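The structure under discussion appears below in the form of structure tokens.
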Amino acid sequence: MRIEVFYKNHNIDGRSKRLLSSLKTLVSPKVEDAAIADVYLTDFKDLTDKAAISIFSDNVAQRTLINDFVAGTNFLEDWNFAFEITYKPGVTDPVALTARKAIELETGKKLDRETRVQTARLFLIKTKILSPAELTALNKFLHNELIQVSTIINKKEWQDGARFPMIYDGKVAESSTEVQEIEIKELSDGDLVRLSKEMLLALTIDEMLAIKGYYAREDIQAVRAKNNLPLEPTDIELEMIAQTWSEHCKHKILNATINYHDGEHQETIKSLFKEYVKQTTDELAATRTYLRSVFHDDSGVIQFDEENLVCFKVETHNSPSALDPYGGSITGIVGVNRDIIGTGRGARPIFNTNVLCFGDPDTDPDSIPKGLLHPKQVMSGVHHGIIDGGNQSGIPVVAGAFIFDDSYVGKPLVFCGTGGIIPAKIHGKDAWVKTIEKGDNVVMLGGRIGKDGIHGATFSSLALDETSPTSAVQIGDPITQKKVLDFLMEARDKNLYKGGTDNGAGGLSSSLGELAEDSGGIKIELDKAPLKYAGLAPWQILVSESQERMSICVGDDTIEEFLALSKKRDVESNVIGKFTDSGFVELFYEEKMVGNLELEFLHKGLPEMKLKAVWDAPIRPEVKIEEKTSYNEDLCALLSDSTIASKEPLVRQYDHEVQAQSIVKPFVGEKADAPADGAVVKPVPTSNRGLTVTHGLAQRYSDLDAYSMAACGVDEAFRAHIALGGNPEIASALDNFCWPDPVKSETTPDGEYKLAQLVRACKGLKDTCLKYGIPLISGKDSMKNDANLAGKKVSVRPTLLISLMGIIDDVTKSMTTDFKKEGNLIYILGKTNGELGGTSYEKVSNTLYPNVPQLNADEALDLYKKLNKAITSEIVETTHDLADGGLAVALAESVLGSRIGATIDISQLTADSQLQELEILFCETPSRFIVEVAPQNKVAFEQALAGSYFAEIGKIAKNDKLVINNASKVIVDVTMNEIEKAWKKFEGTKESK
Amino acid sequence: MTVKACILTGYGINADIELTTAFKMAGAEAQRVHINDLIENPALLDEFHIAGFAGGFSFGDHLGSGLVYSHLFKKNLKAQLDKFVADGKIIIGICNGFQVLVKMGVLPNTKGDWTQEVSLIHNDSGLFQDQWVKVKYNQNSNCIWTQGLAEADLPIRHGEGKFITDNDEIKSYIVENNLGAIVYDGNPNGSELDIAGITDTTGRILGLMPHPEAFIYPQNHPKWHRTKSDKIDGIKLFENGVNYIKANFK
């Protein structure tokens, strides 16, 4: 049966209006009209026409055709092309899952796995004659050929009788369920490397040799003989080892032994993670007593108040987003949500963040290597994935950024974060502790397993090239996951399970391999896991990354109740094994053992990498700075810079206030269109204690020194926390490294320098966090952000994202960036040092400057504490931290938020600093703010800040503009309209699909 | 007396926790109830005075906003809800909850037979929109939820909020009987008659697209940092509901 549903008049459909305007601007102005119909197809015999109409259509707004075609009606009479887009077999189609459920509800009958329910979307397009290239562009715009199939019928073909199908053929090819034995015993080193590449294991020769050594061990051979396993590895064992040892999961580079050279200086670093990241937190643990669980669970956990804990995790989803931006980002966001659900005894997600980094939107399409998508396409898809992933899950996107940088044209960086809350105690036990014991049941729940996402973990540990496996791509289904979340929260509060973890990269192999460490072993029966379709090999079941699944540990005493509640909540749960203390991961398929791996070897048998890093500081010539008569143009260019400019039309498509906790929103001010420094949320209804959520990222500084990049990144996140009114003593951070491959090789001759940049970033991170007292509670790294396509290598700038979650003691004392009242005084806090190297000004002026912004953390911390005291004493009206674009941009933003105006005089700054006007206006010295103070609080404020650098630089004036003077010279004079126009000019916001 | 509110959850409803909080702040004893528990035991609804259909993305809005949830509810609980209304009890549906009430024909239900007469479709922009809007309450409406209220600032967060009527007859009926209880001051989505919320002929059922349950602290307001105003527009609707029950039930 084919069911077409469409609005009774296509002009009332907002979607088709939007589609038309996108087609006109992005494909061709020749397109004249567009209309959309939703198509459902099924071979289920017991569905009557009447029932189908009732299920699929809204009879007030829509019309339905059964086994007939809207293309043959006067819906859009003079169309020229009909495109029908459907998913390829095996790709998750959440709408089809709902349609299946709806048919079951209506008919009261259960559909078996073989019964097909499919969806498609039909586009009717009316256009003037299109060139073949335009037609291809149109087809490309309407679908992603990686996951979808497009069928095109033109008017002539239609008139000749061409029609769309009643059902789409095709199913996923069945794999043999036989387990293969892989011979490695006799293989040479070269053959081992070849095997690793052929099987997409992404293992190095050292690692392959370690595996060979494991199978040669006598004790292991004895165990294998006893279990009737071959002495050579089985395919499932190799796959499990490769997944567990992938860079994505084991962070081999951050754990490598590094010989670091900086001129004469040499040192050996045993592990960057242990000596820099973890050490930072360990040193701070004595004073930061609110830390609960750091670095070992699915997210970092801290105490929020007496009754509650909060947790935070940020993941990257770069490789999948490069290939399928929509699928990549939606699985990124729902995936990190699961990290929160899998934390401790199960936390509830309360906010999402996303920092999205793309190539420049103005990139010449011809310069994009074959096989890669244009940054605009990537942005559009990623944005859409975040919208669906966040909105449908009911988790507000509270903070984030869109960053544009030419180095991200190869791989976009998609950072997805989620924060959660959990009661401190559940049935009297600490909620951050999982207690998994021998004999407990292994339950997998949520979605079913298909071949989607196989090799995701190993694939993301490789550079992108033409051969990148498309099977690594998946689509998320937020609604299935929402049911899982609701069910688990209910089960948690009834004390029905002990803990769990998410099935993300590496699937069951990763989740169960980790949980097994708690009890000391596990037995998994792979045939007990429910499949989407027949024909998955046991190893595919183990490493599939099919979404929306959790692995949960349930004791024998509660298993019945757990499964009963799961059924009642329409969530599929299956017992697929038992936790043991055997010291082994035992893999069974249809009661036969197909794999057996020692836990110790699996988790600790990975040979350590030994690497060399050589730091050679780049030197740039001095640049003579010319005085200008006016800086209006420079300021407007900065306001329109793709990274700085307003993304409001994009951000407002995210739900940022569901859960009703939003206090400082993404946009603030008189017209709610000026930028906030970060978010403030109030997670507990009965308390005014709140959370701040901020970010720091300064990837351009890496061109000069990744140390400053990291230090300034930490400072940016922390000073935004301070600017929002956050408590300087309680802020925790997450570090997410996204690096180009830092291992020297033929394809990466500059690996030693890139590794030195990583070392320096870790030094900057540690030094700054220790000074500020900011523990690192969780983090992640992605080390292969390069693309090798058509002989052209594109590597990302070394990027460290700092995501900060802090405490604000009283949200009613939180601050925003918009100037509030005419006549109030404006101050700048913090010394200005004039560094322009790596800054936004450097980017827009296309001139390389030699000096990278330098952090003085001691001075900064002193200032932050004083400012916080002034804020909590309620003698400050407005705070805005100085970030991208420096003082002038910050002033323009605060003025825009006020819709009043301001008059500034920088002559005191010029006198104090001996800097040029241009440096004062646009340099990015960290640790600075502008603040607004009422005249009656002037004395108190200046007393509070005594000892730190501050200067009164102007007044809020009802002049509807921003005027900046240097004594008698007017150097900036821009009207409110000019500020608004420049800041809202960014074209990328108008082109999201 | 204890006013008891039943907040429906399940299958992608996601604004149920804050709706429960809002009713508690308004003085009710509010409880989240999974729709499957209600289907298993429909009489459970009798224990409540207020039914709250919260916002969210039930069944992902995949086949149309609120459509599948409305089928599920109507198929299993129509008689129970008819009794609930006949008993003089009250209902509020917000955003996805409003879409559910409309699609199962509970709003506006001018003929009393649960025929769908109006709809909520894709916004004119074709986009999901999160923004604050000003709404005005219809002073001639008999809706018990909006009595005594003049206007409010509330957030909207929807992609399918454009209100349309099936025909001119029902449109006139809505106008003449003042069923349009809440209208936008500045139409954000292309709704007919600027309608943000409607009531039924009894005035005891209200559905609206804006989210009063997301304005439950003064600081939720996007301009609070400028005004420092202590007003909380959202809570007033819920207080009206709770007070109505207190006045009419013992």
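Some points to look at:
- Number of the exception - A:LYS604 against (1) more than 22 Å from the chain's Cα centre (by Cα); (2) buried (at least 17 other Cβ atoms within 10 Å of the Cβ); (3) not aliphatic (A, V, I, L, M): (2)
- Scanning the stretch A:713-732 for residues that are open to solvent by less than 10 Å² (accessible area, probe 1.4 Å) and in a helix (DSSP H, G or I) turns up A:GLY713, A:VAL714, A:ASP715, A:ALA717, A:PHE718, A:ALA720, A:HIS721, A:ILE722, A:ALA723.
- Hits in the stretch A:524-540 - residues which are touching a Leu at 6+ places or on another chain (Cβ under 8 Å) and part of a strand (DSSP E or B): A:ILE524
- Residue match in the stretch A:546-558 (condition: among the charged types (D, E, K, R) and at pLDDT below 95): yes
- Members of the stretch A:549-560 found to be touching a residue at least 60 places away in the same chain (Cβ under 8 Å) and open to solvent by 10 Å² or more (accessible area, probe 1.4 Å), listed by number: A:ASP556, A:THR558, A:ILE559
- The residue that is nearest to the other protein chains (Cβ to nearest Cβ), among those in the stretch A:811-837 that are over 29 Å from the mean Cα position of the chain (by Cα) and among the charged types (D, E, K, R), is A:LYS820.
- The residue of the stretch B:31-54 that is surrounded by the fewest Cβ atoms within 10 Å (Cβ to Cβ), among those that are within 12 Å of chain A (Cβ to nearest Cβ) and outside any helix (DSSP H, G or I), is B:ASN41.
- Residues that are of a type outside the set (Ser, Thr, Tyr) and under 20 Å from A:LEU19 (Cβ atoms), drawn from the stretch A:94-128: A:VAL95, A:ALA120, A:ARG121, A:LEU122, A:PHE123, A:LEU124, A:ILE125, A:LYS126, A:LYS128
- Wholly enclosed strands (runs of 3 or more DSSP E) of the stretch A:263-378 bearing at least 1 residues out of contact with any helix residue (DSSP H, G or I) (no Cβ under 7 Å at 6 or more places or on another chain) and open to solvent by 10 Å² or more (accessible area, probe 1.4 Å): A:265-269, A:291-293, A:300-303, A:308-316
- Across the stretch B:202-216, a minimum of one residue is classified as under 21 Å from B:ASN109 (Cα atoms), in contact (Cβ under 8 Å) with a residue 40 or more places away in the chain and surrounded by fewer than 19 Cβ atoms within 10 Å (Cβ to Cβ).
- Residue count for the stretch A:564-595 under the criterion of being closer than 16 Å to A:TYR497 by Cα, open to solvent by 20 Å² or more (accessible area, probe 1.4 Å) and either aliphatic (A, V, I, L, M) or more than 14 Å from every other protein chain (Cβ to nearest Cβ) (or both): the result is 6.
- Scanning the stretch A:499-507 for any residue that is closer than 27 Å to A:ALA173 by Cα, at pLDDT below 90, touching a Cys at 6+ places or on another chain (Cβ under 9 Å) and open to solvent by 10 Å² or more (accessible area, probe 1.4 Å) turns up at least one such residue.
- Residue within the stretch B:189-196 that is away from chain A (no Cβ under 13 Å) and buried (at least 22 other Cβ atoms within 10 Å of the Cβ) present: yes
- Unique match (being assigned to a loop (DSSP other than H, G, I, E, B), touching a residue at least 60 places away in the same chain (Cβ under 8 Å) and more than 15 Å from the chain's Cα centre (by Cα)) among B:ASN109, B:ASN142: B:ASN142
- Restricting the stretch B:118-131 to residues that are in a strand (DSSP E or B) and within 7 Å of chain A (Cβ to nearest Cβ), the residue that is surrounded by the fewest Cβ atoms within 10 Å (Cβ to Cβ): B:GLN131
- Test: residue in the stretch A:913-926 that is over 23 Å from A:LYS820 (Cβ atoms), modelled with pLDDT under 95 and assigned to a helix (DSSP H, G or I): yes
- Hits in the stretch A:455-497 (condition: surrounded by fewer than 24 Cβ atoms within 10 Å (Cβ to Cβ), at pLDDT 75 or above and of a type in the set (Val, Ile, Thr)): A:ILE475
- Test: residue in the stretch B:82-96 that is in a loop (DSSP other than H, G, I, E, B), in contact (Cβ under 8 Å) with a residue 40 or more places away in the chain and touching a Gly at 6+ places or on another chain (Cβ under 9 Å): yes
- From A:ASP786, A:ASP735, A:ASP809, A:ASP741, residue being of a type in the set (D, E, K, R), touching an Asp or Glu at 6+ places or on another chain (Cβ under 9 Å) and open to solvent by 10 Å² or more (accessible area, probe 1.4 Å): A:ASP741
- Some residue of the stretch A:309-321 being without any contact (Cβ under 8 Å) to a residue 24 or more places away in the chain and not hydrophobic (A, V, I, L, M, F, W, C): no
- Of all the numbered requirements in (1) more than 10 Å from chain B (Cβ to nearest Cβ); (2) more than 22 Å from the chain's Cα centre (by Cα), A:SER646 misses one, and that requirement is (2).
- Test: residue in the stretch A:766-774 that is part of a strand (DSSP E or B) and out of contact with any Phe, Trp or Tyr (no Cβ under 8 Å at 6 or more places or on another chain): no
- Where A:ASN74 falls short, out of the listed (1) over 30 Å from A:GLY453 (Cβ atoms); (2) within 13 Å of chain B (Cβ to nearest Cβ): (2)
- Test result for A:LYS110, more than 19 Å from A:ASN11 (Cβ to Cβ), open to solvent by 50 Å² or more (accessible area, probe 1.4 Å) and within 14 Å of chain B (Cβ to nearest Cβ): no
- A:GLU670 within 7 Å of chain B (Cβ to nearest Cβ), open to solvent by less than 10 Å² (accessible area, probe 1.4 Å), in contact (Cβ under 8 Å) with a residue 40 or more places away in the chain and acidic (Asp, Glu): no
- Cβ-Cβ under 6 Å pairs, at least 6 apart or on other chains, the stretch A:226-245 side farther than 21 Å from A:GLU198 by Cα and free of Cβ contacts under 8 Å to residues at least 24 places away in the same chain, far side aromatic (Phe, Trp, Tyr) and surrounded by fewer than 23 Cβ atoms within 10 Å (Cβ to Cβ): none
- The residues in the stretch A:48-71 that are within 14 Å of chain B (Cβ to nearest Cβ) and open to solvent by 10 Å² or more (accessible area, probe 1.4 Å) can be counted, and the count is 8.
- Any chance B:GLU169 is within 13 Å of chain A (Cβ to nearest Cβ), more than 16 Å from the chain's Cα centre (by Cα), surrounded by fewer than 24 Cβ atoms within 10 Å (Cβ to Cβ) and more than 20 Å from B:MET25 (Cα to Cα): yes
The values are calculated or read from the model by the stated rules, or taken from the named source; none is laboratory data. Owing to the predicted nature of the structure, the values given are computational and were not obtained by experimental measurement. Reconstructed Cβ throughout: ideal geometry from the backbone, glycine too, with neighbour counts over all protein chains shown. Each accessible area value is taken on the protein alone, full model and side chains, heavy atoms only, with ligands, DNA and RNA left out. Shrake-Rupley method; radii C 1.70, N 1.55, O 1.52, S 1.80 Å.
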